[in-house]
Structures are given as structure tokens and as C-alpha cells.
Amino acid sequence: MIKVLEKDWEILHKNFRIRREELFLIFPYRANFEEMKQLLLESKTDSVFNNRFNAILWRFPISMSDNEFMKLLQFFLLENWHHDHEFIISSFQDTFYDDKENIKILMQAFSSLPEFYKYDEALKYPYIRKIIYAIGAQPEPYNIEALETISQSEDEEIKALALHQIEKRKRLGRWEAENDQ
């Protein structure tokens, strides 16, 4: 298991503007799936975990496939002790939109909002909109089925967001998939 020295954390944080791939040249670690998962879980108890969680998840040099990284994101989307949920959800809309299993994870995220989103409507609805858009980006017809389930909500704003996304997807399709061709 990787044990990162404090001086190396300083290298990672000091070079926050460079991409993960560029860190390969100056950062002496590469993490596989299990090592990344462990580092991220350890960041939960770290006194500066907010900075570390974000830095580990998005910038720590990795030696894993995109599919493994997607599985890591799926796992941590459902963990409610960090504050990177919106970035993770965005990755399911922008990058990881070809696996119907993501819909199940996104539906779980929809059903179990972190506490800091539940009671603040200024945060709650933009967060839910991100989830709905990420679901819409996933493979058809599963995305439409999930959105139809959400559209049964008694919350009128959530219902409207889901219905809008259904209409948009039926009219425009999945532009994410078209952009990859």
C-alpha cells in the first residue's frame, strides 16, 4: 500500500496547476485502483482532508484504466463525507456516459442526497439537476426509463427537471455519444 510522505504531499499541492500526466515527472507515486481507494478513504480522517481528497481523486498520478477510475468515482459518489459530489457527477455527464451501471449509481445518489444538499434549496436543486443531466447522458433507453421514474416525484421542481430532460433527449438524442464518433 502506498504511504505518501508529507514532503511529497507538498509537491502535489504546490503543483496544483499542472495536469495529472505532468505530475508523473516530479511525483514519485502511481496508484492503482486499490491504492487510490485506500488513499481516498484515509483522507476521510486527515485533518486537511478536503484538500487531500480533491487532490488525490483528480490529480494523483494513477496506473489504472478508465473503467477502473469510473468504478472509483461510482464508489465515492455514494460516500457522503466529502464535498466532490458535483465534480463526480459532472464526470458521468462529460466523460463516463457509456455504461448503464452508472444510472443505478446516479439513481442512488439522487435517492440519498448528502445532508448539506437536503435542506438548502439553493444547493439542492442545482445538484439534482446535475444528476438528472448525467442520467440523461447515459445509454438509451435506460436513461429515459430512469428519468421517467424521477418524473413521478411529488416535488414539482424535480418533476419539471426530469420531464424537461426526457423531452430534450427524445428530441436531440445523446449528443455525448455522437461527439465520440
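See the values below:
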| item | result |
| --- | --- |
| Separation in nanometres of the label points that stand 7 Å from Cα toward Cβ, at residue 15 and residue 98 | 3.0 nm |
| Translational diffusion of the stretch 69-120, µm² s⁻¹ [Kirkwood Rh, Cα pairs; Stokes-Einstein; 37 °C; 0.692 mPa s] | 293 µm²/s |
| Modelled FRET efficiency - R0 30 Å, residue 58 with residue 159, Cβ distances, 0.05 increments | 0.35 |
| Rh by Kirkwood over Cα pairs, then Stokes-Einstein D for the stretch 25-130 at 0.890 mPa s and 25 °C, µm²/s | 168 µm²/s |
| The stretch 88-181: radius of gyration over Cα atoms, expressed as a fraction of 2.2 N^0.38 Å | 1.02 |
| Hits among aspartates and glutamates - C-alpha to C-alpha of residue 124 under 15 Å, sequence gap 8 or more where chains match | 84, 86, 115, 155, 156, 157 |
| Among 18, 166, 144: highest mean-square fluctuation, GNM of the chain, C-alpha pairs under 10 Å | 18 |
| Given 11 as the ceiling on other Cβ atoms within 10 Å, longest exposed-site-free region of the chain for trypsin sites (Lys or Arg not before Pro) in DSSP loops | 20-181 |
| Accessible-area composition of the chain, carbon plus sulfur, in percent [1.4 Å probe] | 51 percent |
| Bins of 10 Å, starting at 0 and running to the largest distance - Cα pair percent for the stretch 110-154 | 27, 51, 22, 1 |
| Scattering curve values for the stretch 1-63, log₁₀ I(q)/I(0), Debye with Cα scatterers, q = 0.22, 0.23, 0.28, 0.30 Å⁻¹ | -0.87, -0.96, -1.47, -1.65 |
| Full-stretch length increase - residue 66, residue 172 - with 0.36 nm per residue and alpha-carbon distance subtracted | 35.5 nm |
| Intensity falloff of the chain expressed as log10 I(q)/I(0), Debye formula with alpha-carbon point scatterers, at q = 0.20 Å⁻¹ | -1.29 |
| Candidate residues 45, 149: accessible-area rank, largest first, probe 1.4 Å | 45, 149 |
| The chain, relative contact order in percent, only Cα pairs under 8 angstrom and at least six apart counted | 16 percent |
| Additional length obtainable on full extension of the chain from residue 121 to residue 51, 0.36 nm per residue less Cα span | 22.6 nm |
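The values are calculated or read from the model by the stated rules, or taken from the named source; none is laboratory data. Nothing here was measured: the structure is a model prediction, and the numbers come from that model. Note: ideal-geometry Cβ built from the backbone for every residue, glycine included; neighbour counts use all protein chains shown. What goes into the accessible areas is simple: the full protein's heavy atoms, side chains included, and nothing from ligands, DNA or RNA. Shrake-Rupley method; radii C 1.70, N 1.55, O 1.52, S 1.80 Å.
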